[in-house]
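Each remark here refers to the structure printed beneath this line.
Read-outs: derived from the displayed coordinates by stated rules, not from any lab. Predicted model only: the values in this text are computed from it and were never measured. Because the Cβ atoms are built from the backbone with ideal geometry, glycine has one as well, and the counts that use them run over all protein chains shown.
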Amino acid sequence: MVLVKTEKFYIFANLINRGREPQFNQKIMSVKIRLQRHGKKQKPFYWIVAADARAKRDGRFLEKLGTYNPNTNPATIELNLDQAVQWLHNGAQPTETARAILSYKGALLKHHLDGGIRKGALTQEQADAKLAAWIEDKAGKVDAKKEGLSKVQQDARAKALKAEKVANEKRVNAAAEALKAAEASEVTEEEVAEVAVEEVAEVAVEEVPVAEVATEEVAEVAVEEVPVAEVATEEVAEVAVEETPVAEVATEEVAEVAVEETSVAEENNEATEA
């Protein structure tokens, strides 16, 4: 196999009948128009490139044709239309996504119109007019979509604002109801406290006569006990009076015995002296 380099691409040719003149099959190197991923995680950003089909997706490429940003709505696409059409003329095959992008930007239409010019079906002016009309129509559709999206966004914001207002009103009403419930509970507690105080007062009023009755009963018992004490005192006095004569008699008897003993002692003394 022989590698032949042309101006913008390589041509591979198989050698048939060695030793003779090489016969080229005139097939262009397999070139793909595809997307090369860039950007960061969860936010991709793509380059539109023409690259060798054997190269890695994010590897070396032959030419950068534009960019594709799917993070916006609608997606933002920048494309070098003339270079993309030239690679299509050279036989580059776009992937499905790249084909959709090229169709969206009018590259496939321009490639088709250029084929009509080469065949003589159209003039360059007619092809340019058709392409300009298509681009204008496409731009109108894109603008209408943007307006529709902006209107949808405005409606969504209005709905969100309305829902937020309703939620705020509900929250305020709930807070007011909670405040009323708290005030009602406080009033109920006050009423319960007043009722409890009244009940305690009634019980106290009922207990006062009972205390008075008990006091009267105690006084009556004391009055009854006073005569008993007086009677006991009188009995003790009578016993003391009765015991006093007995004591006096005993004293007199002791005195008489002492006198008798004294006289006996004197007599004994006299006898002794004699």
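Please go through the residue pairs LYS110/LYS145; LYS64/LYS105; LYS40/LYS105; LYS110/LYS138; LYS105/LYS146 and name each one whose alpha carbons sit more than 19 Å apart in this structure. Beyond 19 Å: LYS110/LYS145; LYS40/LYS105.
The trypsin sites (Lys or Arg not before Pro) of segment 43-104 that meet both conditions, a loop assignment by DSSP and at most 15 other Cβ atoms within 10 Å of the site Cβ, are ARG54, LYS56, ARG57, ARG60.
Near GLN36: Cβ cut-off under 13 Å, other residues only, Lys/Arg at +1 and Asp/Glu at -1. The net charge is +4. Once backbone amide H atoms are built at 1.01 Å from N, LEU122 has ILE117 as its partners under 5 Å, excluding neighbours fewer than 5 places away on the same chain.
Based on the Cβ-Cβ distance from LEU149 to GLU177, what FRET efficiency comes out when R0 is 30 Å, to the nearest 0.05? The computed FRET efficiency comes out at 0.15.
Cβ-Cβ distance of LYS119 and GLN42, R₀ of 45 Å, FRET efficiency by 1/(1 + (r/R0)^6): the value works out to about 0.40. A cut-off under 14 angstrom between Cβ atoms defines the neighbours of ALA176, and their net charge, with Lys, Arg +1 and Asp, Glu -1, is 0. As an exercise, use a Förster radius of 25 Å and the Cβ-Cβ distance of ASN71 and ALA167 to find the FRET efficiency, rounded to the nearest 0.05. Working from the Cβ atoms, E equals 0.25.
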